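Please read the structure below before turning to the comments.
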Ligand code: DGL
């Protein structure tokens, strides 16, 4: 006998029980993972932090695609039924290759929130903080072409910022100085809306807000990614006719190619003891 599934509104994924693979170059995707957990309390979440190879934003496309394909293979071997690329840089460079390799796998990518930022900007000036890889990509050029409209978009590459966040020291004088340097040109240009175009940056949102000054809105797309994940999960499960009756695990498993203790420390404040953290098995190469 199966338990009755809980009553849920159409926007939430409370009733969805499936395994979702999530990855990022490092800890940044945890900003997406925590929102996914809020939307999908009964899903099994499988997360790979590729911290041993971070940052991606300053690496070649071939390298990032190789890592993305290898990590996706690993997550599938662990039972993932849906993949979330919780990295703007990996989405920009590799989502197409992932879709080609896994044509039947539902895949959700993340892109800088240019569209919501343009809608929100009164000054019609939008800053985009992201990695050099994301801002130099063809996908980003397309995003601007599609959504900038009459707004001026100011892309601001932030080399070194994801790497600094990887250390877990999220409020140091050096970090403040780095952020202030990236925000200065945007401030001077009079932007009133700033896109957090890298999943690492929500962890330093308070410092970015402070550097930009009052009246500037920050745009983070984690919630939109979680909502899209719920939609694709619901579609995948209903075509497999198994929304209900699966064991409700709500489990979170994490792996890292970097330091296990550092990843555990990073997620402890909000993930408590419901998660396991293990080293990513070596030799994740693409066949
Ligand atoms: N967190 C990633 C992103 O969203 C990448 C940061 C990096 O590794 O450079 O772009």
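What follows draws every value from the coordinates through simple rules; no lab data is involved. Computed from a prediction, not measured in an experiment: that's the story for all the values here. Every residue, glycine among them, receives a Cβ derived from its backbone with ideal geometry; neighbour counts consider all protein chains shown.
Can you give the Rg to Rh ratio of the chain, both from alpha-carbon atoms, with Rh computed by the Kirkwood formula?
On the way: Rg = 18.7 Å, Rh = 19.3 Å.
Radius of gyration over Kirkwood radius for the chain works out to 0.97.
Taking all Cα pairs closer than 8 Å and separated by 6 or more residues, the relative contact order of the stretch 140-209 comes to 39 percent.
Rounded, prolate or oblate: which fits the stretch 35-133 when a ≥ b ≥ c are the square roots of the eigenvalues of the alpha-carbon gyration tensor, with rounded for a/c under 1.5 and prolate only if a/b beats b/c? Display every interim value, and only then the final one.
Details: a/c = 2.04, a/b = 1.38, b/c = 1.48.
It is oblate, given that a/c is not under 1.5 and a/b is not larger than b/c.
Taking springs between alpha-carbon atoms closer than 10 angstrom, which of 177, 81, 61 fluctuates most in the Gaussian network model of the chain? Comparing 177, 81, 61 in the GNM, the peak value goes to 177.
If you sort the three axes of the alpha carbon gyration tensor as a ≥ b ≥ c, you get a/c of 1.5 or more for the stretch 162-262 and a/b no higher than b/c, which makes it oblate.
Between the helical axis of 173-189 and the longest alpha-carbon principal axis of the chain there is an angle of about 70 degrees.
Each principal axis of the Cα cloud of the stretch 114-153 was evaluated for its coordinate range; sorted largest first, these ranges are 28, 18, 14 Å. Each part gets one Cα centre, and for the stretch 133-167 versus the stretch 63-115 those centres are 19 Å apart.
Built from the Cα atoms of the stretch 79-184, the convex hull projects on average onto 8.6 nm², one quarter of its surface area.
Taking each DSSP H run with n ≥ 4 as -39500 (n - 2.57) and averaging over every residue of the chain yields -13000 deg cm²/dmol at 222 nm.
Work out how much length residue 61 to residue 141 would gain on full extension: take 0.36 nm times their residue separation and subtract the Cα-Cα distance, in nm to one decimal. Write down the numbers at each step before the final one.
On the way: separation 80, 0.36 × 80 = 28.80 nm, distance 1.59 nm.
Fully extending the segment from residue 61 to residue 141 adds 27.2 nm.
Between residue 123 and residue 163, take the C-beta separation as r, use R0 = 35 Å, and let me know the FRET efficiency to the nearest 0.05. Step by step, r from the Cβ atoms, then E = 0.65. What is the angle, in °, between the Cα long axis of helix 138-147 and the longest principal axis of the Cα atoms in the chain? Nearest 10 is fine, range 0 to 90. So the inclination is approximately 80 degrees.
The long axis of helix 222-239 is offset from the longest Cα principal axis of the chain by roughly 30 degrees.
How high is the relative contact order of the chain, given as a whole-number percent (alpha carbon pairs under 8 Å, six or more residues apart)? Relative contact order of the chain: 27 percent. Note on residue 188 and residue 78: the model spin-label points, each 7 Å out from Cα along the C-beta direction, lie 4.4 nm apart.
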